[in-house]
1. Taking a virtual spin label 7 Å from the Cα of K572 along the C-beta vector, which residues in region 584-618 bring their backbone nitrogen under 17 Å of it?
2. Report, in listed order, any pair from K463/K607; K59/K135; K63/K163; K539/K607 with a Cα-Cα distance greater than 29 Å.
3. Is the shape of region 191-291 best called rounded, prolate or oblate, per the rule: a/c under 1.5 gives rounded, else a/b larger than b/c gives prolate, else oblate, with a ≥ b ≥ c the square roots of the Cα gyration tensor eigenvalues?
4. Once you place label points 7 Å from the Cα toward the Cβ at R441 and K133, how far apart are they in nm?
5. Give the separation of the Cα centroids, region 84-102 to region 561-611, in Å.
6. Computed over the Cα atoms of region 358-448, what is the convex hull's projected area averaged over all directions, in nm²?
7. Starting from the Cα of K572, draw a straight line to each of the aspartates and glutamates and keep only those under 16 Å, dropping any in the same chain fewer than 8 residues away.
8. Using a simple spin-label model with points 7 Å from Cα along the Cα→Cβ vector, what separation in nm is obtained for E55 and E512?
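Here, each number is a calculation from the coordinates, and none is a lab measurement. A quick note: this is a predicted structure, and the numbers were derived from the prediction, not measured. Every residue, glycine as well, gets a Cβ built from its backbone with ideal geometry; the counts of neighbours run over all protein chains shown.
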Amino acid sequence: MQHLTNSVERKIEITDVVIHPIPILMVDDLQENLLALEAVLSSKKYHLITAKSGEEALKYILKYDFAVILLDVQMPGMNGFETAKLIKERKRSRHIPIIFITAISQDMQHILQGYKVGAIDYIVKPFNPEALKSKVEQFVYIHEAHRHHLTEINNKTTTEIQKMNKELAIAKMDVMKKEVFSSLLQETLQDTIITLDESGIILSANQSIKVMFGYIEDEVIGQSIELLLYSMETEPSTETPLTFELLNQQYIGRIIEAKAKRKNGDYFPIEIYIGLALLDEHKLFICSIRNISERKEVELLRRKQVDQLEHAVEERTLELLAMNQQLNREREERYKVTDDLMLSEGRFRQIFEASPSLMAIYSLQNPLFIAINDNWRNNTGYTVEDLNNPAYHWELFKDVNGQEERIDEREWENPFHNQKVFYQTKEGKQRQGLLSTEIIRINHNNCVLISLNDVTEQMVLEKEMARLDQLNLVGEMAAGIAHEIRNPMTTVHGFLQIGKSDPASLSTEHMELMIDELDRANKIIKEFLSLAKNKTSDKRQRSLNEIIDIIYPLINAEALLTGKKVNLQLGKCPLLNLDEKEIRQLLLNLALNGLEAMDEEGILTIKTYCVGDYLVLDISDNGIGMDEETVNRLGTPFFTTKENGTGLGLAVCYRIADRHHARIKVTTSEKGTTFSVYFSLTNEY
């Protein structure tokens with residue numbers, strides 16, 4: 001009674017700490033059976049999960065730690081025994097109790113098979129709802145007791161294990177008693193009943209002897225009882241032959257376990273009881289023999305389960321002890337981290353105040369400035385109170401394609417990195433800066449660490465440098481144009497002077513040479529104008545591959561004249577906004593440059609493909625490549641490595657790429673050079 005009271009108090013204590021419903025898995029291929037189980041077990045304390053197959057049940061096993069599993073035996077696909085076996089093979093689920101519920105058979109073979117695969121109970125339909133509910137409550141209680149035990153493992157490990165062992169022993173004894181009583185009630189009529197005389201000779205036997213021993217009644221009548229008996233265990237691992245004399249002397253009126261022998265020579269365990277009666281002053285013995293083979297198998301399975309449970313408790317205890325040690329280590333590390341954080345906070349404050357940048361901390365939860373450094377106050381004139389005062393309405397504006405856009409409150413949630421911004425000082429002066437931000441946590445609140453580098457003076461200097469660079473470029477281009485045009489003009493001027501003094505000396509060849517020189521000068525001027533003027537492009541949705549196909553015959557003819565080849569590798573490409581004439585000029589310039597860079601039998605490859613957000617045009621030659629100095633000067637007007645080149649072809653290509661919002665990348669080595677033109681697929685132009 002005291003144990004029962006303690007158990008109830010313990011159960012109440014455990015129930016009080018239950019916060020989440022306890023998961024229980026019910027597996028049956030019939031929906032009506034699942035509904036019936038839900039009706040019986042419906043409770044706010046339970047989280048009932050249903051599965052209609054073994055496969056579905058195994059999926060749930062991976063997600064939940066179930067208190068108990070109610071499992072049907074006969075199911076399509078994977079049956080209950082196979083499902084239970086897989087559950088028990090998994091380390092994290094082998095401890096879950098399994099109760100088989102079936103209507104297919106009450107045969108002991110099926111029951112034993114259920115116990116062999118790890119079941120804790122075997123219930124035959126129709127079942128008693130209250131009995132099932134009580135069993136589930138007990139398993140839930142055990143599950144919760146186990147969970148509660150884990151939370152108290154630091155100071156109650158030894159006591160809890162002893163208590164569990166004591167309760168386990170009591171439960172084991174109760175189960176054994178129930179099994180004995182149940183066996184007596186259900187199997188009495190299956191016992192072999194024999195009457196013996198005072199010498200141990202069989203006088204009569206009931207029909208059960210045929211099922212149990214394989215003999216018919218006539219075969220044993222007149223034979224000694226020792227025909228059926230074999231031995232008994234008198235000491236551990238010591239067997240003694242069982243004779244009638246031994247029974248008569250020591251075991252009359254007692255139930256003993258022994259071994260019997262069948263007609264076919266097989267041995268099996270039995271329980272034997274011999275009672276003495278007097279009939280007309282003659283001794284008459286009544287012997288009841290019961291086959292306990294199934295019970296022995298069940299006991300063996302039960303012992304294995306108890307051993308497994310004890311082993312699981314031992315393993316779990318060791319795990320919890322290890323977890324406790326880990327928690328202690330983590331606590332020590334946490335103390336160390338706290339000390340480091342305090343030290344780090346002091347260093348952060350020093351860096352924050354000493355930073356040459358304008359530094360501020362802005363709270364996202366309560367949109368207010370928490371702190372600013374001295375540089376912020378000195379450069380803007382604002383204090384923290386001013387910034388949080390709605391009257392000042394201080395704001396930052398970002399530069400988006402040359403337009404100023406106010407930084408919205410929600411944009412602070414995403415970090416900025418060197419974002420060009422504009423802001424005003426307290427005196428109303430507009431300044432420029434580079435904004436970088438980072439999200440930090442202060443007192444469990446999200447805040448923004450703002451770093452603003454003032455670049456106003458730097459931007460003024462950059463504009464002045466850009467202006468001076470433009471003037472320098474204009475001077476270089478003017479000198480280049482003068483040099484390139486002066487040469488043909490000098491030639492023409494010389495021939496005209498000769499013709500002035502002696503017209504007859506000017507031949508047709510002289511005239512053709514002057515025309516060639518003037519055409520050369522005109523070409524230089526035309527290419528320079530194409531490079532210099534910002535003309536309007538005639539862009540339309542066009543296929544780059546189609547433009548390449550149109551210009552290919554001209555490039556291929558030029559290649560054949562010099563003993564070279566052109567290889568096309570055109571991939572699948574989307575339409576782009578292109579100016580066909582400009583793209584043809586870009587293709588022709590790059591292709592001719594590639595052909596001129598190769599010797600005979602060289603191969604020029606023109607390739608198109610998509611990578612990420614870009615459509616790429618590759619024009620590759622297998623020449624000798626270029627040195628670093630040449631690569632660095634590519635695209636500079638009037639720079640050329642050819643004897644008769646103008647130095648404007650690549651400059652025009654770079655200008656065309658710029659008008660199409662594309663970029664040119666050059667890769668060169670001793671094996672050749674590749675010009676890659678990257679057209680954006682996302683930008684609208």
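1. The answer is 608-616, whose backbone nitrogens lie closer than 17 Å to the label point.
2. Those over the limit are K463/K607; K63/K163.
3. Taking the square roots of the gyration eigenvalues as a ≥ b ≥ c, region 191-291 is oblate.
4. Between R441 and K133, the simple spin-label model gives 4.7 nm.
5. 69
6. Computed as one quarter of the Cα hull surface, the answer is 5.9 nm².
7. Straight-line reach from K572, under 16 Å: E546, D549, D613, D618.
8. So the label points at E55 and E512 sit 8.7 nm apart.
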